[in-house]
1. How many residues does region 280-324 contain that are under 35 Å from the mean Cα position of the chain (by Cα) and among the aliphatic types (A, V, I, L, M)?
2. If the requirement is being aromatic (Phe, Trp, Tyr) and within 18 Å of Leu225 (Cβ to Cβ), which of these qualifies: Phe141, Phe113?
3. Taking the residues in region 301-336 that are in contact with a Pro (Cβ under 6 Å, 6 or more places away or on another chain) and under 14 Å from Ile420 (Cα atoms) as candidates, determine which candidate is modelled with the lowest pLDDT.
4. Pairs, please: C-beta under 6 Å, at least 6 apart or cross-chain, first residue surrounded by 20 or more Cβ atoms within 10 Å (Cβ to Cβ) and in region 212-229, second among the basic types (Lys, Arg)?
5. Could you please let me know if Leu99 is modelled with pLDDT of 90 or more and closer than 27 Å to Pro205 by Cα?
6. Go through region 110-160 residue by residue and tally those that are under 36 Å from the mean Cα position of the chain (by Cα) and at positive phi.
7. Which residues, taken from region 251-310, are β-branched (Val, Ile, Thr) and touching a Lys or Arg at 6+ places or on another chain (Cβ under 7 Å)?
Amino acid sequence: MLFKDQLEFVSQHIKKNKLRVFMTVLAATMGCAFLIVLASIGFGVQDMMRSEILEDQAITEVEVYGNEGVIDYEEIKNIDSVGAVVQRASIDVETVFKLEDRTIFGNSKLTNFKEETNSNLSLSEGRMPKDGNEIIVGYHFAENLWTEQERTTWEDGAAEDGEIPKGYEESIIGKEVTLAMKPYGQEDTFPEQWTFTIVGVTKQPAKDWIVDKIVLMDESWTETLMASYTANVAEVPEEVLYTETKVFTASLEDVKAATDELKEMGYSVYSVSEQLEQLDVFFMAFKIGLIFVGTIAVLISSIGIFNTMTMAVTERTREIGVMKAIGASPKLIRRLFLMESAWIGIIGTVLAVIISYVVSYLANLVLPIVVGMALEEESIAGMNLTFSLIPWQLVAIASCISIGVAMISGWRPAKKATKIDVIQALRQEL
């Protein structure tokens, strides 16, 4: 019997019982669709959290902490996967920057601008400094430059409707600011003051709630500022200069290699790759759990396929007997019934995949609006949140499970069909 004839045979019998087959396909579709949609929640939430992490910080950045604060700069720089090593130092003192009649209490860091350039420090405007008197300021530096009256009004809570002062509204590039220092908690600044020119502004932080007021100065000023500090403080503490070290690699793939090598050197490290690894392990277990629960729905639908195929064998007893009488082998008979159960599984899977993508799209479209209305947060409704994501891997897994279960459900009835006695089958009344 040719394969084409086998397909025609299966098709004819399916058409004879359209309603029963339709209900069986519907059950298979619902089971498979439930599996895909349920598991897509795990993929969607994982994708949303990964995107959140990658937007929140530099993906090629590795924070390094030495034992007792000791870090060998040159040793780290010799690692193949490391592109730049940025060390930012800060003095334990409050820095005050003044522009015209406006002041700001900035977060000053002493750094090597050559390494900052190699780390691809992002600027929203301006350029990197070329000499020691040029500095880079944070994205929110200008808007936090307040007059004394604005600061007093804001601190006293007398601002109209709690409106935050707008700060310096002109372009800050090329402006000269004066730096003064004072110990925390004191009013008077040290007598020494220095003038710097702002040549660059850092990129806007990914998170709206982050206020970036940092000031990056050339590390050549370390000795001068430390001398001023020691000259004006009666009791100089043992630790005055605090240093943070960050390693930057060329790509996210190099972060893992750099992290492992730094650990072997005895350093404590933190990188986005470690956070992503922990996240992936958690969601791997979560997705497997969701797929397991969804598979139960597919197994329930297999009961319908089993009943349909069992009835098909019972109804076609005489037909099977005739086929055996004219020479049909048990292998051929078994294949015909397995093809029928596989057809039910394939059609159900195809329909389930289409329905799942529609449900996933609607969920991502409607759920942010619903959550926003429930929490009374209009901003959430406008955010691009991913609650459901269906990758091809999920479709492949669900399809294998659904079609596999359908064929397993048809195996027993198909095997039963091969054992039908020819004589008894031919004696059966039409």
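1. Looking only at that region, the number is 12.
2. Details: Phe141 fails: within 18 Å of Leu225 (Cβ to Cβ).
Sole residue among the options that is aromatic (Phe, Trp, Tyr) and within 18 Å of Leu225 (Cβ to Cβ): Phe113.
3. Quick first cut of region 301-336, residues in contact with a Pro (Cβ under 6 Å, 6 or more places away or on another chain) only: 309-310, 313.
Now narrow it down to the ones that are under 14 Å from Ile420 (Cα atoms): 310, 313.
Working: Thr310: 83, Val313: 78.
Residue satisfying both the conditions and the ranking: Val313.
4. Hits for this filter: Leu216/Lys109.
5. Numbers: modelled with pLDDT of 90 or more: yes; closer than 27 Å to Pro205 by Cα: yes.
Yes: the conditions hold for Leu99.
6. Initially, region 110-160 is screened for residues under 36 Å from the mean Cα position of the chain (by Cα), giving 110-129, 135-145.
Narrowing the set further to residues that are at positive phi leaves 120, 126.
Residues meeting the conditions: 2.
7. Here is the first cut: in region 251-310, the ones β-branched (Val, Ile, Thr) are 255, 259, 269, 272, 281, 288, 291, 293, 295-296, 298, 300, 303, 305, 308, 310.
Within region 251-310, Val269, Thr308 meet the criteria.
Yes or no, residue by residue, for (1) modelled with pLDDT of 85 or more; (2) surrounded by 19 or more Cβ atoms within 10 Å (Cβ to Cβ); (3) of a type in the set (Asp, Glu):
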position: Lys130; (1), (2), (3): yes, no, no
position: Asn133; (1), (2), (3): yes, no, no
position: Ile136; (1), (2), (3): yes, yes, no
position: Thr153; (1), (2), (3): no, no, no
position: Gly162; (1), (2), (3): no, no, no
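The values are calculated or read from the model by the stated rules, or taken from the named source; none is laboratory data. As the structure is a computational prediction, the values presented were derived from the model and not from experiment. Glycine also receives a Cβ, built like all others from the backbone with ideal geometry; neighbour counts cover every protein chain displayed.
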